[in-house]
Structures are given as structure tokens and as C-alpha cells.
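In what follows, a single structure is set out as C-alpha cells and then discussed.
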Amino acid sequence: MAKGKIPPEFLVERDDYKCVRCLACVRLCSYGANYYDENAKRVYTENRKCVGCHFCEAMCPTEAITVMRNPFEIKPLAHWTSEHLIDIMKQAETGGVLLTSMGNDRPYFSYFDRIVLNASQVTNPSIDPLREPMEVRTYLGRKQMKLDLEEDEEGRVLLKTEIAPQLKLEVPVMFSAMSYGSISLNAMLSLAEAAKTVGTYFNTGEGGLPKELKRYGSNMIVQVASGRFGVNVDYLNAGSAVEIKIGQGAKPGIGGHLPGEKVTEAISETRMIPVGTDALSPAPHHDIYSIEDLRQLIYAIKEATRYEKPVGVKIAAVHNVAPIAAGMVRAGADYIVIDGIRGGTGAAPKVTRDHVGIPIEFAVAVVDQRLREEGIRHMASVVVAGGIRNSADVIKAIALGADAVYIGTAALVALGCHLCQRCYLGKCNWGIATQDPKLTKRLNPEIGARRLVNLLRAWEHEIKEILGGMGINAIESLRGNRDMLRGVGLHEYELKLLGIKPAGEAW
Amino acid sequence: MVGIDAKGWHYRELNETIWKAVGEGENEIIVENVCGQRYIGAGLKRKVKILLNGVPGNDLGAFMDGPEIVVYGNCQDGVGNTMNSGKIVIHGCAGDILGYSMRGGQIYVKGHAGYRVGIHMKAYKERYPVIVVGGFVRDFLGEYMAGGLILILGLERDEDGNVTGDFVGTGMHGGEIFVRGPVEERKLGKEVKIFEPTIDDMNRVTPYVKEFCDLFGYNFEEVMSEKFVLLKPYTHRPYGRLYAY
């Protein structure tokens, strides 16, 4: 067995002078990594059990604990990194597919980090958002090519054109689809309450609707995926929009699989399947093998909801993303979501998460470009997701062509997540990716919501500052405004795909 | 009772008219000259009887919750897609993905049906979906099936004398499929096995066979005289050992 002995990824160091033997770390760790030795009267850690979530470190009242990376888990080689060696050991031991969680962290080039923003100097005035009006509200949904107006007897001008249903976003940031089951109810309540306070939307994900969330319908998007879990007419009508999930950035092209042991009483109720049965989401929707079929499901949902709600479609960013997106728009989607290679997940095979898909920066640029070329950009809004880390990423995504962004990982980090990437174990110490009542109660939805509201408000301020600096007073004037972007250290073909000029080149 | 002539109508016009009639409290709606209009009955929640003369289009009764639809003609794909409750009776044949992700209610097809019949059907508490097909079905019957009952009577065989196609019950992890007549082992997906139905099993099935015979005028004794086989998964966790943690 010694062959399969995997070296610890983390070392939990304890300053014995500071440790007061309160044993909080022993009680709190859901992985059982910390233990108290009665004889030695000391607290120790089984380093091998530590996942690096930093919960004990954060909770230690005397700051006696430091969780650090084991510097020499295995000989530090460049090509054969310890990650690769450990993965091989695990697979040689079990014969299984490697599971992981959260977003891709391979060192692919981050194009967001190679794009810089513009500001006004001399020739056009910048705007101070603290004293001048600045519009960051936006609407998602189908827009009309032209508006027909008519006058009534009293000479008032009335709108004759019927406007398609829209989602009203006070900030161009929404919370990504995260299902009940992948995250806890308290995490969902935090997202829901924050969305309501700020005036944006959260997304139920594909796991159905817990009854506690029904009252957040006006700030909720409900998702329909291939497993159709929890989907009935009431569900479709429960939110402000319906989103058909074709794929997600973390696992393009594959289905989902919630193991039976995770289908508890509460999960069974929202997914509408018996307790203990596996919840399998087939890789494709078997009623969708073409754009025409997608149109069929979009309109089945529109019929069932009497054309009162926008219907969106979410796909993972893959090589052919631009033509697919154009097809989705022509199929009748009111908004489309493109999820890039860094999109997060509750559980995915590592090989898929780390190697399938394309960076979101390219995806949004080519999708926006294609829709404009085809003259159909107004027919659907474009929402971008997958690794949006801060307000700068939001601005760059919008300037590359998005109407709004979805954030998932960033929202969870605001709730306490330290990206240990072990959501699939269901033992999240921070009470986010778990259903264990002892753990979920660690996440207070009121505090969670407050932290999320803080995050969105902070980003809103920053977005306004940047817009003001550019001399722009509305977020909608930034959409697809690639003149505001310049590339640093990018090849010509990359710049061409992104539709931006290199830094230093004037208008 | 209200009569509608759908000749030359777009589905939106037809469905709007049906919704209006249902909203006004009509209990029986007869539609003549149905020709390919999609989504008939989609999302309807009230107990209402809809009789269709002609061939309705795809997604008949999608997301439906309660109504009874009777079709005097053939149907296309996606009948009863994600249906919650209600009943669909087809005096003809049906297309692919019949009863996709259906959670409750019953679908009776007099003739044969296409590929992936009953895919991802699932039961939940009092919801128990049932599909009865009088003739044969194509490949991938009961794929990903998680609950409910599928009954294939094989009163009509395909061009090669088959009752089912290949890959029966692939990915199946719940529910039961009964087939009247033999099913070759080689046609099964790797998650299912053939069982001989017990008396209890047959008692579960006979009411639906009876209903089928009453609906379409078959002799119940005759239909029951041939042997049935029961196909069900032998594990609820087909993919339990797939992953390394």
C-alpha cells in the first residue's frame, strides 16, 4: 500500500505558545484533520486530511494556526509537477475518474490581465460619478429594431410596439446558476436576499426550487436542464425568467450526476425524485439535437408561460461558439449566456474542467462580432460568465460585447469560500457546499446577504468611476465599445480575434 | 363544449384560442383539422378534455398538469414532454422521445412509437408516470429511466418482427419496463436485466392493460394470454464506482 501513499498537500502548523487548548479547531474541522492528544496535552493535525480551506485558521481565537502549502510534497519538477504525480497515484489506486470542483486553475493565459482600459485626457471631459448622473442599469431581453409610436386624442405620444419581456438589472452583475444540492439553502438565501436588495437576479440552477425561495421570484431566474429536475409549470412561472441550460464552462459536453447518497429528503423534494436515487442529467437534452430543436424547447417554455417571461439559453464557450450563439439567437432566445473555460462547478471530472472549452474573453468578442455582422445583436442580450473576479473584469467583458455578467465563484468567496475545490465531498466547513445542518448553520444568510450586497455596491462604485474616467455616463454605451480597450503583449491574431488594438495605437 | 377549426392556423393562434376557452371554464374542447400545430395543451393546469382530429405537432402536452388529450390520428415527437399529470390517448402512432422526463400521468398509444420512449421518466411521491404502447418501439427505450412504468404490448411488430429496438434501458436506474413477448438479452443496456414478473408485478400492470384494451377495443384476455417480461435495473447506483476522490 505504501506505493499509493499520497504526501499531504498542506501542513497545518500550530504555535504551541499561542494555543490555549480551546479545541475549537478539533471540533470544527468537518474532515477530522485536527485532534487532541490527551497524554501530550497538545493539539495535532493529520496533515493528509487537510483540504486547505483555512477554516480552522480563521476560527482560531489566538491565531495559533497557520495552514501552508507543503513545499516539498514531492520533488519539485517543472513538467512532472506534484499535482500530476498525485493524480497518477490516486488513479493507480482507484481506477476512477478524478473529480474536482470550482473553476479551472490551469495557468492558461488570462486575457483580461492583458487588456488595459482607456480614460479621457484633454480632448474629452471625464465625468465625476459622485456628482453627476451615471447609469449602470441595464435590461436583458429582446429589443425591437424600431419603435412605432402613435398619438392619442389629447396629443400624448404612446408606444405602439409591443416590448418583449425584459429583466431589469440595477447593476450589470447577476449571480450564476448554483443549484440546491450543490450549495446549501443558507447560501442560496444569501444570494436571493442580496439580489433583491441590489435589484439583480440569482439563478436556481438545475436542481429545482426550495419552497423557502419562492418569495424571491421577482429576483430569480429558474433553470431547466436535461434532467428536468423539479421542472413543472409552477416552477417555470415561479421566477422572472427561464434559462435553458445546455452546458456550463466547467464541464462542456458532459452531463451531471448527483449521487444517490446526496439525495436527502429536502433535495428529493426540490428535484422531485425519490430519496436516495441517483440524479442523472444526460449530457445533451434528448429533445435538442439541433438549433431547430432548441427553438422548439424555447417556444414550448414560452407557450407554457404565455410569453410573459424572457427565455435564455446558457452554453459553455467552445470552439464553434459564435455560429452556435447566432443560432441560439435566431432560435428565439431572449438572452444567451456564454460560460468560459474558467467557470466553476460543484463537481466535474478534472480532465474536462481543466482542458475543455475556450477562454471567455475570446468567446464574448467573437459572439458579439458575429451577432453584429448578422444584424441580430439587438435580438438577444449576451451574458458572460466564467472567472469574473472583479469590477475590471466586468468592465472588460462588457466592452468586449457583453450586456451583463454572471458571477458564481466571486459570490461564494464573498460568503467565505477559500477555493479549496472540494465541493464534491459535501463537507464544506464554510457551510456553502454542504447539506450537513451542523455545517450549513455556520453560514448566516443575513450576514451572507450583507457581504454580497457590499461586494456588488463596491463594484458598482468602481464601474462608475471607470466609466466616468472614460467620459461615458451609461453602461450601455460601453457595451461592445472596444475602443476603450487596448491589448498589452498580445499577438496580432489574438488582438484581431478580440477586436482590439495594441496599447500605444491611437484611434 | 367548444369546437375549433384549426385549418391553416399557426400554433400560436390555436393555442391562444385553447387557453382562452380553458380560461372561460370550458370542460371539453374539440379541435378539427389539426395539422402539425405544436405545443397543444402545453402548460395547461386545469382538468379539461381536449379532442384533436388530425396530426398535432411536436411537444403535445409539454409541461401539462391535469388535462386529458385524445388524438384521433398520429403524433409527432415529444408527446408529454416533462408532463406532470393528466392523460394522453393516441389513436395512432407516436414519434420520438415520447414522455421525455415525464413525472406523472398516463400516455396510451394504440400503434407504435419512435426512439427513446420514456427517456428520463421519473416518479415522485404520488406521481407515477405510465406509458403504454400497443405496437413496437425503436432503440433506447427507457433510457436514463428513474421511475414509473413503461408497458410495450407488441401487438404490432416492426419490419423485422421486433417489439423493441436496441439499447433498452441504457442508463436506467429506477422504474420498470414490461414487454409482452420475448426480449433478447443482446438488446439490453448494461444497467438492466430480464426478470420474470411475479403475480404482484402482473397485478400492477393489468389495470393499465385493461384500460388500453377498453380505449382501443382489444380483447383483454387475448392480450394477457402471452407472456410478459420485466426489465429493471439491478443497481440503483450504476455509476457508484466511477470516481476517484
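The values are calculated or read from the model by the stated rules, or taken from the named source; none is laboratory data. None of the values given here were measured: they were computed from a predicted structure. Ideal geometry is used to build each Cβ from the backbone, glycine not excepted, and the neighbour counts take in all protein chains shown. Just so you know, the surface numbers come from the protein's heavy atoms only, side chains and all, with ligands and any DNA or RNA stripped out. Shrake-Rupley method; radii C 1.70, N 1.55, O 1.52, S 1.80 Å.
Tell me, which residue of the stretch B:196-225 that is open to solvent by 70 Å² or more (accessible area, probe 1.4 Å) and touching a residue at least 24 places away in the same chain (Cβ under 8 Å) is farthest from B:ILE107 (Cα to Cα)?
Step by step, filter the stretch B:196-225, then rank; the result is B:GLU196.
All but one of (1) closer than 30 Å to A:GLU374 by Cα; (2) part of a strand (DSSP E or B) hold for A:LEU158; which doesn't?
Just one mismatch for A:LEU158, condition (1).
Hey, among A:THR81, A:THR62, which residue is within 32 Å of the chain's Cα centre (by Cα) and of a type outside the set (Lys, Arg)?
It is A:THR81.
Regarding the stretch A:199-208, can at least one residue be identified that is among the hydroxyl-bearing types (Ser, Thr, Tyr), within 22 Å of A:PRO310 (Cβ to Cβ), in contact (Cβ under 8 Å) with a residue 40 or more places away in the chain and away from chain B (no Cβ under 14 Å)?
The answer is yes, given that some residue of the stretch A:199-208 is among the hydroxyl-bearing types (Ser, Thr, Tyr), within 22 Å of A:PRO310 (Cβ to Cβ), in contact (Cβ under 8 Å) with a residue 40 or more places away in the chain and away from chain B (no Cβ under 14 Å).
Is it true that B:GLY105 is assigned by TED's automatic domain parsing to the domain that holds B:GLU143 and either under 21 Å from B:VAL132 (Cβ atoms) or open to solvent by 20 Å² or more (accessible area, probe 1.4 Å) (or both)?
So B:GLY105 passes the test.
Looking only at the stretch A:452-507, which residues are surrounded by 15 or more Cβ atoms within 10 Å (Cβ to Cβ) and at positive phi?
A:GLY471, A:GLY480, A:GLY499
Filtering the stretch B:113-172 down to residues that are of a type in the set (Ser, Thr, Tyr) and in a loop (DSSP other than H, G, I, E, B), which residue is least open to solvent (accessible area, probe 1.4 Å)?
B:THR164
Check A:LYS18, A:LYS75 and return the single one that is at pLDDT 95 or above, more than 21 Å from A:LYS350 (Cα to Cα) and open to solvent by 70 Å² or more (accessible area, probe 1.4 Å).
From the options A:LYS18, A:LYS75, the qualifying one is A:LYS18.
What strands (runs of 3 or more DSSP E), lying completely within the stretch A:170-261, carry at least 1 residues that are over 20 Å from A:VAL405 (Cβ atoms)?
Passing ranges, in order: A:220-224, A:256-258.
Show the residue pairs meeting these rules: Cβ distance below 7 Å; 6+ apart or different chains; first residue within the stretch A:263-278 and more than 7 Å from every other protein chain (Cβ to nearest Cβ); second residue open to solvent by 20 Å² or more (accessible area, probe 1.4 Å) and part of a helix (DSSP H, G or I).
So the pair list comes out as A:VAL275/A:GLU265.
Based on what the data block shows, is A:ARG306 surrounded by fewer than 19 Cβ atoms within 10 Å (Cβ to Cβ), at pLDDT 90 or above and facing chain B (nearest Cβ under 9 Å)?
yes
Yes/no matrix, rows are residues, columns are (1) within 14 Å of chain A (Cβ to nearest Cβ); (2) among the aromatic types (Phe, Trp, Tyr):
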site: B:VAL179; (1), (2): no, no
site: B:GLU185; (1), (2): no, no
site: B:PHE195; (1), (2): no, yes
site: B:MET202; (1), (2): no, no
site: B:CYS213; (1), (2): no, no
site: B:ALA244; (1), (2): yes, no
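Considering each of A:GLU206, A:GLU154, A:GLU162, A:GLU170 in turn, give the residue that is of a type outside the set (A, V, I, L, M, F, W, C) and closer than 23 Å to A:THR440 by Cα.
Only one candidate qualifies: A:GLU206.
Which numbered condition in (1) part of a helix (DSSP H, G or I); (2) surrounded by fewer than 21 Cβ atoms within 10 Å (Cβ to Cβ) is the only one that B:THR235 fails?
(1)
Residues being open to solvent by 10 Å² or more (accessible area, probe 1.4 Å), touching a strand residue (DSSP E or B) at 6+ places or on another chain (Cβ under 8 Å) and modelled with pLDDT of 95 or more: count how many of those fall in the stretch A:195-231.
4
Kindly indicate whether any position in the stretch A:136-145 is more than 18 Å from the chain's Cα centre (by Cα), within 30 Å of A:GLU505 (Cα to Cα) and surrounded by 14 or more Cβ atoms within 10 Å (Cβ to Cβ).
Checked against the condition, which is being more than 18 Å from the chain's Cα centre (by Cα), within 30 Å of A:GLU505 (Cα to Cα) and surrounded by 14 or more Cβ atoms within 10 Å (Cβ to Cβ), the stretch A:136-145 yields at least one hit.
Of (1) within 14 Å of chain A (Cβ to nearest Cβ); (2) under 20 Å from B:GLY99 (Cα atoms), B:GLU68 satisfies all except one. Which?
Unmet condition: (1).
Would you mind telling me which numbered condition in (1) in contact with a Leu (Cβ under 7 Å, 6 or more places away or on another chain); (2) at pLDDT 95 or above; (3) within 23 Å of A:ALA250 (Cβ to Cβ) A:MET134 fails?
Every condition holds for A:MET134 apart from (3).
For the stretch A:257-274, which residues satisfy the criterion of being open to solvent by 30 Å² or more (accessible area, probe 1.4 Å) and at negative phi?
Matches in the stretch A:257-274: A:HIS257, A:GLU261, A:LYS262, A:THR264, A:GLU265, A:ALA266, A:GLU269, A:PRO274.
In the stretch A:96-125, which residues are away from chain B (no Cβ under 14 Å), open to solvent by less than 70 Å² (accessible area, probe 1.4 Å) and among the hydroxyl-bearing types (Ser, Thr, Tyr)?
Correct list: A:SER110, A:TYR111, A:SER120.
Per-residue answers, yes or no, for (1) in contact with a helix residue (DSSP H, G or I) (Cβ under 7 Å, 6 or more places away or on another chain); (2) surrounded by 20 or more Cβ atoms within 10 Å (Cβ to Cβ):
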position: A:ASP234; (1), (2): no, no
position: A:LYS251; (1), (2): yes, yes
position: A:GLY255; (1), (2): no, no
position: A:GLY276; (1), (2): yes, no
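Please enumerate the residues belonging to the stretch A:106-135 that are closer than 25 Å to A:HIS491 by Cβ and in contact (Cβ under 8 Å) with a residue 40 or more places away in the chain.
A:ARG106, A:TYR108, A:PHE109, A:SER110, A:TYR111, A:PHE112, A:ARG114, A:ILE115, A:VAL116, A:LEU117, A:ASN118
For the condition farther than 30 Å from B:HIS10 by Cβ and among the hydroxyl-bearing types (Ser, Thr, Tyr), what is the one hit in A:THR352, A:THR305?
After applying the criteria, what remains is A:THR352.
Just a yes or no: is a residue in the stretch A:421-442 open to solvent by less than 10 Å² (accessible area, probe 1.4 Å), at pLDDT 95 or above and within 23 Å of A:GLY480 (Cα to Cα)?
No, because not a single residue in the stretch A:421-442 is open to solvent by less than 10 Å² (accessible area, probe 1.4 Å), at pLDDT 95 or above and within 23 Å of A:GLY480 (Cα to Cα).
For the structure I just gave you, tell me whether A:GLY387 is more than 15 Å from A:ASN481 (Cα to Cα) and either over 15 Å from the mean Cα position of the chain (by Cα) or not in a helix (DSSP H, G or I) (or both).
Spelling it out, A:GLY387 is indeed more than 15 Å from A:ASN481 (Cα to Cα) and either over 15 Å from the mean Cα position of the chain (by Cα) or not in a helix (DSSP H, G or I) (or both).
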